[in-house]
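To start, the structure itself, in structure tokens.
The values are calculated or read from the model by the stated rules, or taken from the named source; none is laboratory data. Since this is a predicted model, take the numbers as computed values, not measurements. Here the Cβ positions follow ideal geometry from the backbone for every residue, glycine too, while neighbour counts run over all protein chains shown.
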Amino acid sequence: MSRARAVWQRVPAPVVDIVLVAVAAVDVLVVDMWEHTRPEVTLAAVGCAALAFRRRFPLGVFLLTLPIALMQDVAVAVLAALFTLAERSRNRRLLAVCVVLAAVASSTPWPLAEADRTMTLVFFVYGLATSVAPVLFGQLLQARRDLARRLAEVEEAREHERTLHAQAVLARERAQLAREMHDVVSHQVSLIAVRAGALQVAARDADAKEAARTIRSLSVTTLDELRTMVTLLRASGGKSTELTPQPTLADLRRLVESSGTHTELTGELPPTVGTPAQRALYRTVQEALTNVRKHAPGASARVELWQDGDGIGVTVTNTPPTRPSLSLPGSQQGLVGLRERAEILHGTLDAGPTAQGGYRVRLRVPLSAD
């Protein structure tokens, strides 16, 4: 059955429309349409031809096919128009009204004349049942399409959550490494610096004093670098590609284009921006767009680079979501890490909802941050 569905989906839409118009025309001709007047035949021809535009104007096409229902009890054109309308519309009241209209048109005597009320009522009930069938089938197809899209979103969210879990595990390993470096390596280097300082004071030989001074100076420099490394390890979770070159502002456009969200990138920054500031800006945009994709499905985003006096920054703003977001667990540590990274660079990070129902993340760091 899936193979037949795949074959059917490969048939071009215009071919399907042409075949449907032909079937509707044959259906009209079979019921002795030529016995009707010329205006009636014209209305029937217009209704059949209108089926070619049923995908773009489903309601209008249905109204154009109603005269055919007046001339015959069960019309293929009317049923096809009802199915298309039900497949594409979510307005249940409109669909109910259209079902009643089709039933009334099929049960009304034509030409208009007096008729048995009982038989008219019976024909109306049969017409109502006949009109409900394509509507139910169209709604079923719409629900199946919505379910398939929902399942795809759930699978995508699960894949994204697996990635976040891997990053969280890596973040814990980095935090443990930072503690080891702080508690063990830093302590031992400090002892080396203290011993070298004592040797520099106690030594009488000039060469020994110079060697002790060099060892103490290198130890102090190493301690400063270790503190910086420990701070950076605690500030971000990192990725599985830590040995690859770290991203800069030159990679920002590629990040925006591959974010999976309709995003606009505006603004420029001077070429003198330091590497740590570039990484902070990049990570801020990356985390903000990840949150948009996760918590605001269907929303669009705007990334704005700007300079304010001696400070530079980026603002990421997204519109309200157009679809309900999936209820997914999160670490809630993304913005915390960004704030820690901003504080290292003596900057600030603000995040919060907008008045329009969206969300805004704003990072500002000094231009001279290094």
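Just a few scattered comments:
- Filter pass, residue 46 being at pLDDT 80 or above, in contact with a Phe, Trp or Tyr (Cβ under 7 Å, 6 or more places away or on another chain) and β-branched (Val, Ile, Thr): no
- Residue tally, condition in contact with a Gly (Cβ under 7 Å, 6 or more places away or on another chain) and assigned to a strand (DSSP E or B), over the stretch 336-370: 6
- Restricting 369, 351 to those that are at pLDDT below 85 and over 19 Å from the mean Cα position of the chain (by Cα) reduces the list to 369.
This table checks each residue for (1) of a type outside the set (A, V, I, L, M); (2) under 30 Å from residue 298 (Cα atoms); (3) touching a helix residue (DSSP H, G or I) at 6+ places or on another chain (Cβ under 9 Å); (4) in a helix (DSSP H, G or I).
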position	(1), (2), (3), (4)
52	no, no, yes, yes
66	no, no, yes, yes
73	yes, no, yes, no
162	yes, yes, no, yes
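- Considering residues of the stretch 197-231 that are out of contact with any helix residue (DSSP H, G or I) (no Cβ under 9 Å at 6 or more places or on another chain) and at pLDDT below 80 only, the residue farthest from residue 175 (Cα to Cα): 221
- Residue match in the stretch 250-259 (condition: more than 29 Å from residue 228 (Cα to Cα), among the hydrophobic types (A, V, I, L, M, F, W, C) and modelled with pLDDT of 85 or more): yes
- From the options 95, 128, residue that is part of a helix (DSSP H, G or I), touching a helix residue (DSSP H, G or I) at 6+ places or on another chain (Cβ under 6 Å) and surrounded by 18 or more Cβ atoms within 10 Å (Cβ to Cβ): 95
- Scanning the stretch 300-333 for residues that are aliphatic (A, V, I, L, M), at pLDDT 85 or above and out of contact with any Ser or Thr (no Cβ under 8 Å at 6 or more places or on another chain) turns up just one, 312.
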